[in-house]
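Here is the structure we will look at.
The values are calculated or read from the model by the stated rules, or taken from the named source; none is laboratory data. From a predicted model like this one, the values you see are computed outputs, not experimental measurements. Note: ideal-geometry Cβ built from the backbone for every residue, glycine included; neighbour counts use all protein chains shown. When the accessible area is computed, the model is the full protein with side chains, heavy atoms only, and any ligands, DNA or RNA have been set aside. Shrake-Rupley method; radii C 1.70, N 1.55, O 1.52, S 1.80 Å.
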Amino acid sequence: MKRGFRLNRTLVGAALLLATASLAHAQEARMAVTTPADTVRVAAPTGERVTDRENVQAAFDAVQPGGTVVFAAGAYVVGGEGLVLRTPGVALRGDPDGTTLLGCSRKQRRSLPAGAFSEFSEACGDGFVLAAEAQRVSDLHFESFSLALSIREATESETQGRSASFTGGHVVEDNSFHDGFSFQIVLDADSTVRVRRNVFRNVWHAVAIGGRNIHVTENDISVPEPERVPFGYAGVAIGIRPLGEDGACSSMIVEDNRIDGHTEAVAIAVFPQDPGSVCSDIKVRDNEIFMRPVRMPDGGDQAGRLAIAPAIRLFNAQRLVAEGLMTWGEHWMPEGGWPDALSGGRISDVRVEANRITGAVGIGIEAAHVTDTRIVDNEIEVRPATTRRSRKGSPSAGMVDLAFGYCWVSWTR
């Protein structure tokens, strides 16, 4: 387009010099900046397990470091052996119109007997394995998986010749997990792994954790339909334990979660099968917990009985077994009995602060054989253990101070 004015030649020359310098600078800048990685789109779901699994794994294998895998709208059936994402820095994202990942079809799930976990696990299988650092998962709906999502260190075969460097830095946010067994993190992470703003409905464990530098915050966890949990009722919502003997169990935060209907809300435990293991530097704070009566499902020797446990439990089973105060699964006991190392198991430097517990039966917070631990500023509303009438002399239900005995503590010095 012609303009109605003329440019001074001197100004034109100066402009050309500036343009040349700017171009050279831009080329230099482009050499210094990494080009954004491509987005890989997963083929639309077919509802056929073999095809959907192949399409998802193909996207996982094709994406480059720092890239994004975007799922289409609809329902993929992908349960089986976990599909492994081996590439670091990758984000998995669902479609804005909704992406559902099914372990098994809903028709198949309805055909399974209630509370039969082994049949459920075999039919529905696992979901995804995050096996490289700094991966992200958002806006996905996981349903009917034995293990919907796992964050762990890659095995030698899974690295496929790539570097096995593993520093954590994962983010799992704004997803939903329904009608399944667990989401698991077993990772000694240098960078914080964050699980936040997710919704969990009718799951056995919302998150099972072992390792270091894992934060579980702002999640909504509830069990409106216990019969949809693979075991027929819900276990520990957020469980923390060591990775194994001498394995990591530290720098954990469980904060600002809403937990409703699990038999236990938060449990930190060291078990005899990992003799000498230690959990420390853990904060459980500002969680809102609702305990509700849960009856054991049909089919077992405990059928119909109420499942009663503390809302928050710090449980050093190693020391209790070592001192003969409890028995533990004999099928795990090594030949010759439990080793002396059991006496070295520890839970220490835990902060249980400002949690609000409603409907606890008998004990709201239990701490057995712990050291250097603070349990302060928690509110516990207690439900009487008997349903017919309150025992004579028992305090009435309501907000009570821990000094009334509704927090049972056994200190190890």
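Name every residue in segment 256-284 that is part of a strand (DSSP E or B) and under 29 Å from M296 (Cα atoms), in order of residue number.
So the first thing to find is which residues in segment 256-284 are part of a strand (DSSP E or B), and the list is 258-260, 264-270, 278-284.
Correct list: R258, I259, D260, E264, A265, V266, A267, I268, A269, V270, V284.
Looking at this structure, is R228 modelled with pLDDT of 95 or more, over 14 Å from I289 (Cα atoms), open to solvent by 40 Å² or more (accessible area, probe 1.4 Å) and not polar (S, T, N, Q)? Before you say what the answer is, go through the steps one by one.
Details: modelled with pLDDT of 95 or more: no; over 14 Å from I289 (Cα atoms): yes; open to solvent by 40 Å² or more (accessible area, probe 1.4 Å): yes; not polar (S, T, N, Q): yes.
So R228 fails the test.
Mind checking which residues of segment 74-130 are of a type in the set (V, I, T), touching a helix residue (DSSP H, G or I) at 6+ places or on another chain (Cβ under 6 Å) and surrounded by 23 or more Cβ atoms within 10 Å (Cβ to Cβ)? Quick ask: steps written out before the conclusion?
So in segment 74-130, the residues of a type in the set (V, I, T) come out as 77-78, 84, 87, 90, 99-100, 129.
Checking which are touching a helix residue (DSSP H, G or I) at 6+ places or on another chain (Cβ under 6 Å) leaves us with 77-78, 84.
V77, V78 - these are the residues of segment 74-130 that are of a type in the set (V, I, T), touching a helix residue (DSSP H, G or I) at 6+ places or on another chain (Cβ under 6 Å) and surrounded by 23 or more Cβ atoms within 10 Å (Cβ to Cβ).
Does segment 313-327 include one or more residues that are of a type in the set (G, A, S) and free of Cβ contacts under 8 Å to residues at least 12 places away in the same chain?
First, pick out the residues of segment 313-327 that are of a type in the set (G, A, S): 317, 322, 324.
Imposing the further condition that a residue be free of Cβ contacts under 8 Å to residues at least 12 places away in the same chain reduces the set to 324.
Looking for residues that are of a type in the set (G, A, S) and free of Cβ contacts under 8 Å to residues at least 12 places away in the same chain, one finds at least one in segment 313-327, hence yes.
Which residue is modelled with the highest pLDDT, if the candidates are limited to segment 153-197 and must be hydroxyl-bearing (S, T, Y) and within 12 Å of A131 (Cα to Cα)? Spell out how you get there, then give the answer.
Filtering segment 153-197 down to residues hydroxyl-bearing (S, T, Y) leaves 155, 157, 159, 163, 165, 167, 176, 182, 191-192.
Right, trim to within 12 Å of A131 (Cα to Cα) and you get 155, 157, 159, 163, 165, 167.
Working: T155: 72, S157: 66, T159: 58, S163: 51, S165: 52, T167: 83.
The residue in question is T167.
Residue by residue through segment 64-105, note down the ones that are under 22 Å from the mean Cα position of the chain (by Cα) and small (G, A, S).
The answer is G79, G80, G82, G89, A91, G94, G98, G103.
Can you tell me which of S182, S222, S191 is of a type in the set (G, A, S) and open to solvent by 40 Å² or more (accessible area, probe 1.4 Å)?
Only one candidate qualifies: S191.
Here's the yes/no breakdown for (1) open to solvent by 50 Å² or more (accessible area, probe 1.4 Å); (2) under 23 Å from S105 (Cβ atoms); (3) modelled with pLDDT of 95 or more:
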site: L16; (1), (2), (3): yes, no, no
site: A26; (1), (2), (3): no, no, no
site: M31; (1), (2), (3): yes, no, no
site: A37; (1), (2), (3): no, no, no
site: P45; (1), (2), (3): no, yes, yes
site: A72; (1), (2), (3): no, yes, yes
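Looking only at segment 67-106, which residues are of a type in the set (S, T, Y), more than 19 Å from V172 (Cα to Cα) and in a strand (DSSP E or B)? Can you show your working first?
Of all residues in segment 67-106, those of a type in the set (S, T, Y) come to 68, 76, 87, 99-100, 105.
Still in the list and also more than 19 Å from V172 (Cα to Cα): 76, 105.
Residue satisfying the conditions is Y76 alone.
Filter segment 354-399 for residues that are at pLDDT 90 or above, within 27 Å of P272 (Cβ to Cβ) and not charged (D, E, K, R) and give the result.
If the condition is that a residue be at pLDDT 90 or above, within 27 Å of P272 (Cβ to Cβ) and not charged (D, E, K, R), then G364, I365, A367, V370, T371, T373, I375 are the ones that fit.
Taking the conditions exactly as written (free of Cβ contacts under 8 Å to residues at least 40 places away in the same chain and either of a type in the set (S, T, N, Q) or in contact with a Phe, Trp or Tyr (Cβ under 6 Å, 6 or more places away or on another chain) (or both)), does S111 satisfy them or not?
Working: free of Cβ contacts under 8 Å to residues at least 40 places away in the same chain: yes; either of a type in the set (S, T, N, Q) or in contact with a Phe, Trp or Tyr (Cβ under 6 Å, 6 or more places away or on another chain) (or both): yes.
So S111 passes the test.
For S176, which of the numbered conditions (1) free of Cβ contacts under 8 Å to residues at least 40 places away in the same chain; (2) open to solvent by 10 Å² or more (accessible area, probe 1.4 Å); (3) within 11 Å of the chain's Cα centre (by Cα) fails to hold?
If we test S176 against (1) free of Cβ contacts under 8 Å to residues at least 40 places away in the same chain; (2) open to solvent by 10 Å² or more (accessible area, probe 1.4 Å); (3) within 11 Å of the chain's Cα centre (by Cα), just (3) comes out false.
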